[in-house]
Amino acid sequence: MTCTKKSTNICIFAFFVVFLHPQTVFYAMIEVKNLYKSFGELEVLKGVNLRVEKGEIVAIVGKSGAGKTTLLQIIGTLDRPTKGQVLIQGTDVFAMKDRDLAAFRNRHVGFIFQFHQLLPEFTALENVCIPAMIAREKESDYTARATKLLTDLGLSDRLQHKPNALSGGEKQRVAAARALMMSPDIILADEPTGSLDEKNKRELSDLLLQLRKDYGQTILLVTHDKELASMADRVIEIKDGVIG
């Protein structure tokens, strides 16, 4: 580039920006590109594209069989796509080897399932500790962290209770604490109110908003619950394997 006297200052500025200042790249928290998923002859996802920014709460709605849960499981790396990419903060997760992918999932993604998926022989505290046990963290560290999470969620008097001694709402809060255990970037919730009564549905909706406020998580949820979907920043409909 040739600089005249009048453009000297501009040239100097351009030099500092282009050559001396490291380039900053801002990635979406989740980016899904041209995603396909087939089970034998059945094509469930047909070229899905989706972008979710950091700190967003996004609800995915649609009829049963539309591909909602399949999409959530692939974003959560529990299943692999037939074709396409999932990027989490710019990382192409399916370019990883299985072992690395499992470690990435444990660190960066938390799950809340419809039926809690708590281990019945473990206490509430032990259930919450499981992700840290998998990561082989120091027991005293993860026990203290799990205790704080459960206390923050109003379960300080339920630490040693097993799932069969907890109410539906309490089980879901234990599941939320387990999802938060590794301070993940993303919380994925699959029909989280599906097994709850009206009171506990409202409490879970409030809880998801509180999690975003207190912990800054990006939350992607699949639901048939119109009231739950209405609290999201965005509602996305999937129909016949395609986002409309």
Worksheet item: For the range 233-244, how many residues meet the condition of being part of a loop (DSSP other than H, G, I, E, B) and surrounded by 13 or more Cβ atoms within 10 Å (Cβ to Cβ)?
Response: 3
Worksheet item: Within the range 129-146, can one find any residue that is hydrophobic (A, V, I, L, M, F, W, C) and closer than 19 Å to L209 by Cα?
Response: no
Item to complete: Name the one entry in L149, L71, L125, L153 that is at pLDDT 95 or above and within 19 Å of the chain's Cα centre (by Cα).
Response: L71
Fill in: Residues being in a helix (DSSP H, G or I), over 12 Å from the mean Cα position of the chain (by Cα) and surrounded by 14 or more Cβ atoms within 10 Å (Cβ to Cβ) - total across the range 185-208
7
Fill in: Residue that is modelled with the highest pLDDT, among those in the range 209-232 that are part of a helix (DSSP H, G or I) and hydroxyl-bearing (S, T, Y)
S230
Worksheet item: So which residues in the range 211-232 are more than 15 Å from the chain's Cα centre (by Cα) and either surrounded by 13 or more Cβ atoms within 10 Å (Cβ to Cβ) or among the hydrophobic types (A, V, I, L, M, F, W, C) (or both)?
Response: H224, D225, L228, A229, M231
Worksheet entry | Sole residue being of a type in the set (A, V, I, L, M) and within 24 Å of N49 (Cβ to Cβ), chosen from L220, L166, L196 | L220
Practice prompt. Select from the range 40-65 the residues that are of a type in the set (V, I, T) and more than 18 Å from the chain's Cα centre (by Cα) and list them in ascending order.
Written response: V44
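The values are calculated or read from the model by the stated rules, or taken from the named source; none is laboratory data. Only a predicted model underlies this, so the values are computations on that prediction, with no experimental measurement involved. Ideal geometry is used to build each Cβ from the backbone, glycine not excepted, and the neighbour counts take in all protein chains shown.
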